[in-house]
Amino acid sequence: MPNSPLANPSATRAVLERHGLALKKSLGQHFLIDDNIVGRILALAALDDATPVLEIGPGIGTLTAALCGASGAVTAVERDRDLLPALGEVMASCPSLRVVEADAVTVRTSDLETAIGPPTALVANLPYGVAATVVLRFFEELPSLRSATVMVQSEVADRMAASPGGKDYGAYTVKLRMLARPAGRFAVPRTCFMPPPRVDSAVLRLERVDREEPPALLAATARLAEAAFAQRRKTLRNSLIAASGLGSARIDAALKATGTDGRRRAETLTPDEFVALATALG
C-alpha cells in the first residue's frame, strides 16, 4: 500500500486537471510525486495515532493523506483558495482533518487546534519563501509543539542545523537553537517534484529544547544575537557597541562578567553563551 495515493505523477496530474488547477510560481508550488520520500518523512516524524499534527502548505493533499493515516488528527493551513476543493477530496476520507484557509505567517495559533487538541508535531513540505520564518514562529508561539519535520531548501536546512564557527551559523540559528535542536535529516532530489524546483531540498527534524530561562530573557537573547551579527566582520565587542545601543561600558562589564573575549566573532559563540551575555546585561 502506498503511503499516499497522490504521491505519483499520474495521480497528481489527475487532481490538477480535475480541478482546473495551474501551478502558481508566486506561491512556490512544487508537488511531491515520490511516495518513498513521503514514507521517509513519516518515519522521521515518528507519529502515532495519538499525535495531533499541524501541516503548512498542504497543496493538493499529497502529504496530508499520509499524515491522516499515520497520526491522530491533522490541521492543515493552506493560503491558496483554489486548492481547497482538492483538499476537500482528502477530507472526505479523513474525518479528523481540519483545513484552515490562512497565511501561515499570520494565522492565529488559537486557530490551529486539531480534533484531539493543540498540535504537538509540525510536519510539512513548507513553502520555501517563508519556511525559516514559519518554523521559528511556531516554536516561539505554539507551546504545545514538540517537534517539526519539515522539507525546506537545503540552504535553509543548513542554517537551521548549523554549528558555531560555520558560515551558515547566524542570528537565526541562535534564535532557533534556543528553542529546538536538529535530530535528523535527509536530502530530497529535484526529480521528486512536479515541476522540479531549481533548488535542492532537504527534510530536517527539529525537537524542542526545554529551557529554564523565562521568555523575556530568551527574547532579550534573540535581540542580542541580532546585534552581534549585524556587522558580522567586526569583533563581538565592536558589533555589540555599534548595534545594541547599550553603550561600551555596559558591554565591557558584561563581557568581563561572563569571561567572554570581546575580540571573538559572533559566529564563535554558542547559544548558551549568548544567554549568559544577555543575563549579564540585565
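If a residue must be part of a loop (DSSP other than H, G, I, E, B) and of a type in the set (A, V, I, L, M, F, W, C), how many such residues does region 41-72 contain? Break it down stepwise before answering.
Step one: list which residues in region 41-72 are part of a loop (DSSP other than H, G, I, E, B), which gives 46-51, 57-61, 71-72.
Subset that is of a type in the set (A, V, I, L, M, F, W, C): 46-47, 50, 60.
Looking only at that region, the number is 4.
Any idea which of E226, E267, E212 is modelled with pLDDT under 95 and charged (D, E, K, R)? Spell out how you get there, then give the answer.
Details: E226 fails: modelled with pLDDT under 95; E267 fails: modelled with pLDDT under 95.
Answer to the selection: E212.
State yes or no: is T120 surrounded by fewer than 24 Cβ atoms within 10 Å (Cβ to Cβ) and free of Cβ contacts under 8 Å to residues at least 40 places away in the same chain? Spell out how you get there, then give the answer.
Numbers: surrounded by fewer than 24 Cβ atoms within 10 Å (Cβ to Cβ): yes; free of Cβ contacts under 8 Å to residues at least 40 places away in the same chain: no.
When the stated conditions are applied, T120 does not pass them.
Scanning region 175-204 for residues that are farther than 20 Å from S147 by Cβ and in contact with a Phe, Trp or Tyr (Cβ under 9 Å, 6 or more places away or on another chain) gives F193, M194, P195, P197, V199.
Just one residue in the set A171, A222 is in contact (Cβ under 8 Å) with a residue 40 or more places away in the chain, touching an Asp or Glu at 6+ places or on another chain (Cβ under 6 Å) and either over 28 Å from R40 (Cβ atoms) or not assigned by TED's automatic domain parsing to the domain that holds L145 (or both); that residue is A171.
Just one residue in the set R237, R232, R208 is loosely packed, with under 14 Cβ neighbours inside 10 Å and farther than 15 Å from D272 by Cα; that residue is R232.
For every residue, the table says whether it meets (1) outside the structural domain of N125 (by TED's automatic domain parsing); (2) over 25 Å from A187 (Cα atoms); (3) β-branched (V, I, T).
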residue	(1), (2), (3)
R13	no, no, no
R18	no, yes, no
I37	no, no, yes
L47	no, no, no
E55	no, no, no
A73	no, yes, no
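Of the residues screened, A102 is one that is within 19 Å of the chain's Cα centre (by Cα) and either surrounded by fewer than 18 Cβ atoms within 10 Å (Cβ to Cβ) or of a type in the set (V, I, T) (or both).
Taking T75, is it in a helix (DSSP H, G or I), surrounded by 15 or more Cβ atoms within 10 Å (Cβ to Cβ) and of a type in the set (S, T, N, Q)? When the stated conditions are applied, T75 does not pass them.
May I ask you to list the residues in region 270-282 that are outside any helix (DSSP H, G or I) and either within 16 Å of A220 (Cβ to Cβ) or modelled with pLDDT under 95 (or both)?
Filtering region 270-282 down to residues outside any helix (DSSP H, G or I) leaves 270, 281-282.
Scanning region 270-282 gives L281, G282.
Go through A162, A242 for me and flag whichever is without any contact (Cβ under 8 Å) to a residue 40 or more places away in the chain, among the aliphatic types (A, V, I, L, M) and surrounded by fewer than 16 Cβ atoms within 10 Å (Cβ to Cβ).
Details: A162 fails: surrounded by fewer than 16 Cβ atoms within 10 Å (Cβ to Cβ).
Result: A242 is the single residue among A162, A242 that is without any contact (Cβ under 8 Å) to a residue 40 or more places away in the chain, among the aliphatic types (A, V, I, L, M) and surrounded by fewer than 16 Cβ atoms within 10 Å (Cβ to Cβ).
Where helices (runs of 4 or more DSSP H) sit wholly within region 82-188, those with at least 3 residues that are out of contact with any Leu (no Cβ under 6 Å at 6 or more places or on another chain) and closer than 30 Å to L16 by Cβ occupy 84-92, 131-141, 154-161.
Output the residue which, of all residues in region 168-199 that are over 29 Å from E141 (Cβ atoms) and surrounded by fewer than 15 Cβ atoms within 10 Å (Cβ to Cβ), is modelled with the highest pLDDT.
For region 168-199, the residue satisfying everything is A187.
The values are calculated or read from the model by the stated rules, or taken from the named source; none is laboratory data. Since we're looking at a predicted model, the values are computed, not measured. Note that we place each Cβ from the backbone using ideal geometry, even for glycine, and neighbour counts take in every protein chain shown.
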